[in-house]
Amino acid sequence: MRLFRLAVLATALLSVGEKSTLAVAINWPAGLSAGVIPTLTGGYNAGYVFANPTDMATIYVLDPSGTSFLIYTYDPTIPGWDPVEPTFYASQGYFVDTPTAQSFNPLFAFAGDGGVFGGEGGLFAQGPPPLSPNKLSFQGSPTGLPATYEDVFGAPPNDETQLMRFIPGSSDIAFGSAHYHFYYYKNGVWTPETPVLNSLEPAFVIYPYLSIKYTVSGNPPTIDMTWPARGKLEEADSPLGTWHEVTTVGNHHSVTVDPAQGQGKYYRVREGGL
């Protein structure tokens with residue numbers, strides 16, 4: 001599956017009664033792109049957020065289970081969405097694939113003191129699923145402004161949180177360094193730096209991040225390895241060698257070291273979903 005480039009822009013400030021709104025230009029470049037649904041005044045159904053598409057478009061949103069994508073396709077010859085018209089929640093990330101550039105201007109609920117108004121006067125989906133261990137979340141700022149982790153999720157990160165920012169221009173959703181910038185949070189510090197998302201930029205978040213923890217005991221020594229439950233253990237004869245998945249029962253594996261074997265094995269864990 002290919003995916004993504006982000007292109008969104010907030011435009012003119014308008015006055016509506018005692019509250020103010022911001023017209024948000026959500027631009028889909030030709031090809032694949034990624035974006036965030038901001039806090040809106042007119043509703044959270046695709047017919048409002050992406051009013052009057054002019055060409056084919058396929059939208060991918062993360063299933064609430066955090067393990068797969070829900071896929072919706074718009075066909076202008078019908079016109080309509082298949083299998084149904086999608087609805088969203090404020091701050092939801094999405095991917096879209098379209099053969100031609102398209103642009104939409106939903107009204108974003110905005111308050112001059114930096115707060116937002118939302119959920120008014122329209123259809124909207126349930127809010128974001130709660131964060132929980134080993135489950136992906138795909139979200140961005142609901143305010144339409146650059147955002148820290150705390151701005152998006154409303155609280156500091158859990159220890160051993162991983163945040164993944166898609167690299168604009170990449171052509172694949174696969175979780176690798178060719179397509180994402182990775183950030184890791186442990187003991188109150190982000191590495192390599194504190195991430196700040198751009199306006200309406202989504203990011204994947206999951207905790208705990210994948211790592212192998214191990215203990216050594218006995219003679220000859222036995223190495224007992226554990227890792228987060230979603231991970232898949234792989235082994236190779238060298239760090240650059242061909243990696244093979246190791247069949248395990250759960251997220252535990254033991255290896256007894258045999259000096260007579262000479263060369264040892266290398267182990268790593270990879271994401272098991274998507």
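The values are calculated or read from the model by the stated rules, or taken from the named source; none is laboratory data. Just so we're clear, the structure is a prediction, and the values are computed from it rather than from any experiment. Cβ atoms come from the backbone with ideal geometry, glycine included; neighbour counts cover every protein chain shown.
Can you confirm whether ALA34 is assigned to a loop (DSSP other than H, G, I, E, B) and under 24 Å from LEU145 (Cβ atoms)? For ALA34, the condition - assigned to a loop (DSSP other than H, G, I, E, B) and under 24 Å from LEU145 (Cβ atoms) - is not met. Of everything in region 196-221 that is in a loop (DSSP other than H, G, I, E, B) and hydrophobic (A, V, I, L, M, F, W, C), the residue that is farthest from PHE138 (Cα to Cα) is ILE212. A Cβ distance below 6 Å, combined with a sequence gap of six or more or placement on separate chains, defines the contacts here; from region 205-232, residues that are under 24 Å from THR161 (Cβ atoms) and in contact (Cβ under 8 Å) with a residue 24 or more places away in the chain reach residues that are part of a strand (DSSP E or B) and aromatic (Phe, Trp, Tyr) in the pairs TYR209/TYR184; MET225/TYR214.
Among the residues of region 53-69, those identified as among the polar types (S, T, N, Q) and outside any strand (DSSP E or B) are THR54, SER65, THR67, SER68. The condition (being among the β-branched types (Val, Ile, Thr), surrounded by fewer than 11 Cβ atoms within 10 Å (Cβ to Cβ) and closer than 21 Å to THR67 by Cα) is satisfied by just one residue among VAL249, VAL216, VAL205: VAL249. Residues of region 181-195 being in a strand (DSSP E or B) and either touching a residue at least 12 places away in the same chain (Cβ under 8 Å) or under 26 Å from GLY169 (Cβ atoms) (or both), which ones? Answer for region 181-195, where residues must be in a strand (DSSP E or B) and either touching a residue at least 12 places away in the same chain (Cβ under 8 Å) or under 26 Å from GLY169 (Cβ atoms) (or both): HIS181, PHE182, TYR183, TYR184, TYR185, LYS186, TRP190, THR191.
In summary, THR194 fulfils each of the numbered conditions (1) within 18 Å of the chain's Cα centre (by Cα); (2) closer than 30 Å to ILE71 by Cα with the single exception of condition (2). Among the residues of region 222-229, not a single one is in a loop (DSSP other than H, G, I, E, B) and polar (S, T, N, Q).
Residue-by-condition table, conditions (1) of a type in the set (Ser, Thr, Tyr); (2) in the same structural domain as THR39 (by TED's automatic domain parsing); (3) within 30 Å of SER91 (Cα to Cα):
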site	(1), (2), (3)
SER177	yes, no, yes
TYR183	yes, no, yes
GLY188	no, no, yes
THR222	yes, no, no
PRO228	no, no, yes
THR242	yes, no, no
GLY250	no, no, no
GLN263	no, no, no
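Only one of TYR207, TYR214 is within 24 Å of the chain's Cα centre (by Cα) and either at pLDDT below 95 or of a type in the set (Ser, Thr, Tyr) (or both). Can you tell me which?
After applying the criteria, what remains is TYR207.
Of all residues in region 63-84, those that are within 28 Å of LEU131 (Cα to Cα) have Cβ atoms under 9 Å from Cβ atoms of residues that are of a type in the set (S, T, N, Q) and loosely packed, with under 13 Cβ neighbours inside 10 Å, 6 or more apart or on another chain, in PRO64/GLN126; GLY66/SER132.
TYR72 meets the conditions (1) part of a loop (DSSP other than H, G, I, E, B); (2) out of contact with any Lys or Arg (no Cβ under 6 Å at 6 or more places or on another chain) in every case but one. The failed one is (1).
If you go through region 147-167 and keep only what is more than 14 Å from the chain's Cα centre (by Cα) and either surrounded by 20 or more Cβ atoms within 10 Å (Cβ to Cβ) or touching a residue at least 60 places away in the same chain (Cβ under 8 Å) (or both), you end up with ALA147, PRO157.
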